[in-house]
Amino acid sequence: MYESWAADVLFEFFMVSADSDWAAQSEKVMCAKIVHSSEDLEGQEVIQKNALELFHYRSPSTPEEYTTSMMYTSRTLYQHYDTGEGKNHKNVQAKEMCSGIKSVLGKDGEDPSSVVDTTIHLRQ
């Protein structure tokens with residue numbers, strides 16, 4: 001849903017560009033429809049889950065299929081990270097994706113060797 005926590009999280013660091021048609025580009029790249037209103041859902045099966053249910057969800061896919069799918073999704077997102085140009089779905093200036101990494105690893109000119117740990121976890 002366009003006005004949801006998921007959209008807020010996704011569009012904070014991914015899929016926004018200076019191009020005014022970023023929503024259509026996002027749909028094409030992610031093969032997912034951005035739903036703008038409940039009227040867009042008419043005739044569709046809607047499955048609702050709360051955060052706890054989503055956290056405990058287990059894919060019916062094999063571990064290999066699941067990992068392949070997650071890797072594809074992650075790779076696609078990182079190919080379309082925000083560069084700080086353009087506005088997101090709430091008409092707010094997009095953030096630069098690297099701002100989060102820089103806040104952990106230090107700004108340009110600082111020594112990143114003092115970082116204790118950086119990890120990306122893939123849950124199966």
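Every number in this text was worked out from the coordinates using simple rules, so none of it is lab data. Not measured: the values here are computed from a predicted model. As a convention, Cβ positions derive from the backbone with ideal geometry for all residues, glycine included, and neighbour counts pool all protein chains shown.
Of the trypsin sites (Lys or Arg not before Pro) found in the stretch 1-90, those in coil by DSSP whose Cβ has at most 12 other Cβ atoms within 10 Å are Lys33, Lys49, Arg58, Lys90. Computed extension gain for Glu53 through Tyr72, at 0.36 nm per residue and net of the alpha carbon distance, reaches 4.5 nm. When Leu77, Leu52 are sorted by how many other C-beta atoms sit within 10 angstrom of their C-beta, beginning with the fewest, the order is Leu52, Leu77. Remark: spin-label model distance Glu85-Glu27 equals 2.4 nm, labels positioned 7 Å along the Cα→Cβ axis.
In terms of other Cβ atoms within 10 Å, Tyr57, Tyr78, Tyr66 run from fewest to most in the order Tyr57, Tyr78, Tyr66.
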